[in-house]
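Just so it is clear, none of the values below were taken in a lab; they were calculated from the coordinates. Since the model is a prediction, treat every value here as computed from it, not as a measurement. So basically every Cβ, Gly included, is an ideal-geometry build from the backbone, and we count neighbours across all protein chains shown.
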Amino acid sequence: MEVFFRFLADYEILIYLLLALGGLFSFRWVWRSWREWRNAYFGLEREFAVRRLGQAVGASTLILALACGVFIVVSFVVPGLPASALLGTPTVDLLASPLGTLVPDSATALGVSQAAAPAAGQGGCVPGQLEITSPRSGDEVSGNVEIIGTVNLPNFGFYKYEIAPAGSENWATILADRKTGVGIKLGDWSTTALTPGDYLFRLVVTDNQGQLLPPCIISVRVKGQ
């Protein structure tokens with residue numbers, strides 16, 4: 001089930017576009033069926049027109065329900081899942097060690113980049129427009145972390161923030177929102193389910209045309225409890 005939720009979160013925009021295309025055809029079907037029903041004079045003709053109208057309304061309702069379902073899952077269900085549930089299997093295997101803790105030497109042996117994380121402002125961070133001010137790049141975090149930053153861009157659509165183990169491109173979405181402002185609380189990040197180690201944390205913005213902007217990326221180290 002977590003894989004399905006992650007699929008919806010990753011391809012949310014594409015799913016909306018496909019549903020919108022299907023909605024255009026279904027609503028056109030409703031309009032034509034309604035006109036046929038209005039112009040029908042004979043009983044059998046009106047019966048067929050009503051049947052087609054019912055089918056068209058049913059298809060339109062289904063598409064609308066699917067769109068609402070995707071929105072609810074991505075906006076409310078996915079953010080409530082633990083981060084570990086959103087991390088793919090390769091990530092878990094990469095971070096795992098026989099003792100359950102990845103120490104610096106074993107991380108190097110596995111080829112995992114550590115401490116070679118981007119500095120603050122690298123990877124699309126723009127002061128006053130798109131940045132993460134807390135935690136800062138290089139900080140050590142644990143427990144529940146409050147994310148403070150700035151999202152102040154023209155043609156803004158929504159943002160999401162994601163994590164990945166250092167040296168990996170297996171990004172996991174933690175939360176999405178549509179708040180804008182300078183130095184505001186963007187959300188909370190629970191690190192309790194993560195294996196201690198180095199992670200990349202990025203803030204990704206999508207504009208109102210569905211285009212992804214360069215993400216703001218920082219590095220953090222998750223400490224054990």
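Dividing the Cα radius of gyration of region 138-198 by 2.2 N^0.38 Å, with N the residue count, gives 1.23.
Put simply, the C-alpha atoms of region 121-161 give a gyration tensor, and the ellipsoid matching it has half-axes of 21, 12, 8 Å, longest first.
Under the combined filter of DSSP loop state and at most 15 neighbouring Cβ atoms within 10 Å, region 138-210 retains these GluC sites (Glu not before Pro): Glu169. Calculate, for Ala40 and Val73, the FRET efficiency according to 1/(1 + (r/R0)^6) with r their C-beta to C-beta distance and R0 41 Å; round to the nearest 0.05. Here the calculated transfer efficiency is 0.50.
Counting only aspartates and glutamates at least 8 places from Lys223 when in the same chain, those with an alpha carbon closer than 17 Å to its own are Asp105, Asp139, Glu140, Glu146, Asp188, Asp198. Of interest is the spacing of the C-alpha centroids, which for region 1-40 and region 155-216 amounts to 29 Å.
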